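The values are calculated or read from the model by the stated rules, or taken from the named source; none is laboratory data. No experiment lies behind these values; they were computed from the predicted model shown. When we count neighbours, we look across all protein chains shown, and the Cβ atoms used for this are built from the backbone with ideal geometry, even at glycine.
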Amino acid sequence: MRLAIMTTAERAVGGLAESAEIVLCDSESGATERLPSPARQLTAGRRLAVVDLLLERGVDVVCAVPGSFCPLSYAVARSGGLRFLPVEAGTPLALIADHGAALATAARPDLPAGWVANTPAEPAPEPLASPTSPLSDATARALINRLKRVEGQARGVRRLIEERRSHDEILVQLSAMRSALNAVAVALLTEHLAACLADAGQPDRVERLDAARRAFRILNS
């Protein structure tokens, strides 16, 4: 199990957008890895950038302080299979790191009511594409990176089948692959819905809202 802890410059647990460093603790190997937070280099999209990094690194549980996640980053994190360990902001990093394995047993699939920020803390980095426009370059790159991860997982499942591994091992990997595919769908739907709703006041608002409804139906079919 891999636990991710967002830390501030004061070596205390902080939020995704304000994090200076990310500490990854592996309960199986006992290894600890420190990564610079991608939020430090961004003025927008900071929370989503951190969530993407956590998913790419195979994180299972993430420490979350109140307001750490915005609705979009929270949706992507849940879709990617992340679980959450609610902690108070300012909790010393050493306290979590020393007891990470035990604390992670209290991780939950959702956050307490009121812990998700009501609105994203950062503005959109660029004008959103209309429902009929091609994907933005940034979104296309993010989706391709996610799909590469799914491709790697699919190769891993095939290898397990070829090696005649146990049903449990194969099912666990299939579940992880399904979560990764869900994350791709949520990321795509997020941009699509944001574009539809942002333009809902335009003359063709009925068509745009219909496009948003179609997207929901496709994802849930």
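Quick notes
- Flag for A17 being more than 17 Å from the chain's Cα centre (by Cα) and assigned to a loop (DSSP other than H, G, I, E, B): no
- Of A101, A121, all but one fail to be in a helix (DSSP H, G or I) and at pLDDT below 85; the exception is A101.
- Among the candidates V51, V76, residue that is closer than 17 Å to R146 by Cα and either polar (S, T, N, Q) or free of Cβ contacts under 8 Å to residues at least 60 places away in the same chain (or both): V51
- Checked against the criterion of being under 25 Å from T139 (Cα atoms) and at pLDDT 85 or above, the candidates P38, P109, P86 yield just one match: P38.
- First in region 10-24 and without any contact (Cβ under 8 Å) to a residue 60 or more places away in the chain and surrounded by fewer than 17 Cβ atoms within 10 Å (Cβ to Cβ), second anywhere and assigned to a strand (DSSP E or B) and among the polar types (S, T, N, Q), Cβ under 9 Å, 6 or more apart: A20/T7
- Residues satisfying the stated conditions in region 58-88, i.e. surrounded by fewer than 16 Cβ atoms within 10 Å (Cβ to Cβ) and within 14 Å of L16 (Cβ to Cβ): P71
- Just one residue in the set A97, A49, A101 is touching a Pro at 6+ places or on another chain (Cβ under 8 Å) and surrounded by fewer than 22 Cβ atoms within 10 Å (Cβ to Cβ); that residue is A49.
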